[in-house]
Amino acid sequence: MKNPSLPPPRPRIRYVSPRFQGPAVLAFAAIIVTGGTIFWKLVDSEFQRVFLHAAIQGHYAFDSAYDIVRDLLVWHLASLFAGVFLTGSALILLLVAATRHGIGKTVDSLRRSADGDLSTPTGAGPIGEFARFGEKIDAARSDTLASVLKIRGDAAALASSGISSEEFRLRWDELKDRIRRIAP
Amino acid sequence: MSGPEAAGNVPLIHRRYVYGLQLRLFVNFAGGVGILFVILYFALSRPLPGDYAGIFHALRNLSPFFRAILSVSVLLYALLACGSTSALCVYILHKVAGPLYRMDLILDQYRSGVHTRTVSFRHDDQLQPLAKTFNLWIGTLRRDRHRWLATMMDAERHCLQDEATCRAEMEEALREVAGDMARYR
């Protein structure tokens, strides 16, 4: 029986980001297709050679074609697996390294931002999705810096302005309102 | 410091996650090659004709016959392996794509001036330091904002006194706030 006090379980969301997962899928597909093509080319030429050789040998001590090509086939399948897996693993390590580099730079940039440095570019690297993300972080930092600098300039100007009390009070309130809008 | 330990002791991407990804890839590719082997085994293990001439002719004609079978089985392998690897990429990489997507939304909200809530990723998501440092930055900004507003409101209290004191205190507060903002560059 359902317990009405328990909230319903939240569905697990699996985000699909074509900009991030798409290139990874394409790269894996390229590895698989390349591996398959090389395998097909090699095995096909080997089959032609081995069957012809077996036919003219004249001594048929086998029951099926598999007995002739067993070692060859197993060797090529093992090579296909090793080639595709090792290349795929290298791709994973490359992806992980790129993510660590790109997002690591972003994390550093956010930490610098907390120390007040909002102008040094993130430099998340040349890889598409991370570069775009780094630019987005930089845009947010840049907006914040522009806002803070504007308020700072206006505050300094207002402090040294000799304007009337009414005008001063108006600009004072406006300044307060703008400060309230920083990091809402 | 842009390595995996970019925020304290929490790595951006856990080693366990990378090993898990490689293990799944291993099983995936092994399965694909296994299926290819089974197809080729059944195609190749058909018994050859019993007599000498029959075997000779069969062996002479096997290559073109197997070329077609080989082509179809390799194509099937490529399709299956590509399909399962794509599913694997979506299934596994969403733990990285998810936080990026979430941060994208948060940054859009932040820039549009909407109230930004504390960012937290799902328990098993990667890139946890990203949320931590973003919250640190926003937290610092809010703390500074509160201080600036407190300075200004403190100056406003002097307006209960005479006008000149009020104005002098407000101008002093403005100079203090402007000086405090100078740390942002």
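Would you please name the residue that is nearest to A:Thr99 (Cα to Cα), looking only at residues in segment A:17-50 that are polar (S, T, N, Q) and crowded, with 17+ Cβ neighbours inside 10 Å?
Residues of segment A:17-50 that are polar (S, T, N, Q), as a first pass: A:17, A:21, A:34, A:37, A:45, A:48.
With the extra rule that they be crowded, with 17+ Cβ neighbours inside 10 Å, the set shrinks to A:17, A:21.
Values: A:Ser17: 14, A:Gln21: 12 Å.
Of everything passing the filter in segment A:17-50, A:Gln21 is nearest to A:Thr99 (Cα to Cα).
Only one of B:Glu156, B:Glu172, B:Glu163 is exposed (fewer than 12 other Cβ atoms within 10 Å of the Cβ) and within 23 Å of A:Asp154 (Cβ to Cβ); which? It would help to see each step written out before you state the result.
Values: B:Glu156 fails: exposed (fewer than 12 other Cβ atoms within 10 Å of the Cβ); B:Glu172 fails: exposed (fewer than 12 other Cβ atoms within 10 Å of the Cβ).
Of the residues listed, the single one that is exposed (fewer than 12 other Cβ atoms within 10 Å of the Cβ) and within 23 Å of A:Asp154 (Cβ to Cβ) is B:Glu163.
Being over 18 Å from B:Leu12 (Cβ atoms) and basic (Lys, Arg) is the filter; apply it to segment B:100-124 and report the residue that is modelled with the highest pLDDT.
Only one residue tops the list, namely B:Arg111.
Mind checking which pairs have a first residue in segment B:159-175 that is at the interface with chain A (Cβ under 8 Å from one of its Cβ atoms) and a second that is part of a helix (DSSP H, G or I) and of a type in the set (Phe, Trp, Tyr), Cβ under 9 Å, 6 or more apart or different chains?
B:Arg167/A:Phe168; B:Met170/A:Phe168; B:Met170/A:Trp172; B:Glu171/A:Phe168; B:Leu174/A:Trp172
Within segment A:59-97, work out how many residues are closer than 22 Å to A:Leu42 by Cβ and touching a Pro at 6+ places or on another chain (Cβ under 7 Å).
Residues meeting the conditions: 1.
Looking at segment A:126-135, can you tell me whether even one residue there is assigned to a helix (DSSP H, G or I), touching a Ser or Thr at 6+ places or on another chain (Cβ under 9 Å), basic (Lys, Arg) and closer than 30 Å to B:Tyr17 by Cα?
No, every residue in segment A:126-135 fails to be assigned to a helix (DSSP H, G or I), touching a Ser or Thr at 6+ places or on another chain (Cβ under 9 Å), basic (Lys, Arg) and closer than 30 Å to B:Tyr17 by Cα.
Considering each residue of segment A:132-184, count those that are under 42 Å from the mean Cα position of the chain (by Cα) and among the acidic types (Asp, Glu), and give that number. Don't jump to the end; show me each part of the working.
Within segment A:132-184, the subset under 42 Å from the mean Cα position of the chain (by Cα) is A:132-154, A:175-184.
Restricting the remaining residues to those that are among the acidic types (Asp, Glu) gives A:135, A:138, A:143, A:154, A:177.
Residues that pass the stated criteria total 5.
Conditions first: (1) surrounded by 20 or more Cβ atoms within 10 Å (Cβ to Cβ); (2) of a type in the set (Asp, Glu); (3) within 26 Å of A:Ala98 (Cα to Cα). B:Asp144 passes all but one, so which condition is the exception?
Result: B:Asp144 fails condition (3) only.
Check off (1) more than 43 Å from the chain's Cα centre (by Cα); (2) among the basic types (Lys, Arg); (3) in the same structural domain as B:His14 (by TED's automatic domain parsing) for B:Arg122 and give me the number that stays unchecked.
The number of the failed condition is (1).
Out of curiosity, is A:Ala54 modelled with pLDDT of 85 or more and in a helix (DSSP H, G or I)?
Spelling it out, it is not the case that A:Ala54 is modelled with pLDDT of 85 or more and in a helix (DSSP H, G or I).
Residues that are among the small types (Gly, Ala, Ser), within 30 Å of B:Gly98 (Cα to Cα) and surrounded by 14 or more Cβ atoms within 10 Å (Cβ to Cβ): does segment A:73-87 have at least one?
Within segment A:73-87, the first condition is being among the small types (Gly, Ala, Ser), and the residues that meet it are A:78-79, A:82-83.
Next, only the ones that are within 30 Å of B:Gly98 (Cα to Cα) stay: none.
Taking every residue of segment A:73-87 in turn, none turns out to be among the small types (Gly, Ala, Ser), within 30 Å of B:Gly98 (Cα to Cα) and surrounded by 14 or more Cβ atoms within 10 Å (Cβ to Cβ).
The values are calculated or read from the model by the stated rules, or taken from the named source; none is laboratory data. From a predicted model like this one, the values you see are computed outputs, not experimental measurements. Note that each Cβ is placed from the backbone with ideal geometry, even for glycine, and that neighbours are counted across all protein chains shown.
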